[in-house]
Amino acid sequence: MIMTLHDIGFDTEAVETYIKLMLEGTLTESRRMGMLNAKRNNTLDEIHFRERQLERMDYLKHEIQKNRM
């Protein structure tokens, strides 16, 4: 579980919090789900930001290639 949490981008403090909540049992499922949803949303935001960067790079590449002709 610790490796998985690190792999998905949780820092050490978030891993510790998640593990403590997990050990407390099913009453903490909603809080753990909230942590996972927040991480997922942040990851999606990063992906969308990177996609916009790639689109801008592709535009610049296109402009360079267009000017060569």
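The values are calculated or read from the model by the stated rules, or taken from the named source; none is laboratory data. Just so you know, these numbers come straight off a predicted model, no measurement behind them. Positions of Cβ are backbone-derived with ideal geometry, glycine not excepted, and every protein chain shown enters the neighbour counts. Surface accessibility is based on the protein's heavy atoms, side chains included, excluding ligands, DNA and RNA. Shrake-Rupley method; radii C 1.70, N 1.55, O 1.52, S 1.80 Å.
Table for the structure above
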item: Unmet requirement for Val15, which otherwise passes all of (1) within 18 Å of the chain's Cα centre (by Cα); (2) loosely packed, with under 12 Cβ neighbours inside 10 Å; (3) among the hydrophobic types (A, V, I, L, M, F, W, C); result: (2)
item: Failed item, numbered, when Met22 is tested on (1) open to solvent by 100 Å² or more (accessible area, probe 1.4 Å); (2) over 16 Å from the mean Cα position of the chain (by Cα); result: (1)
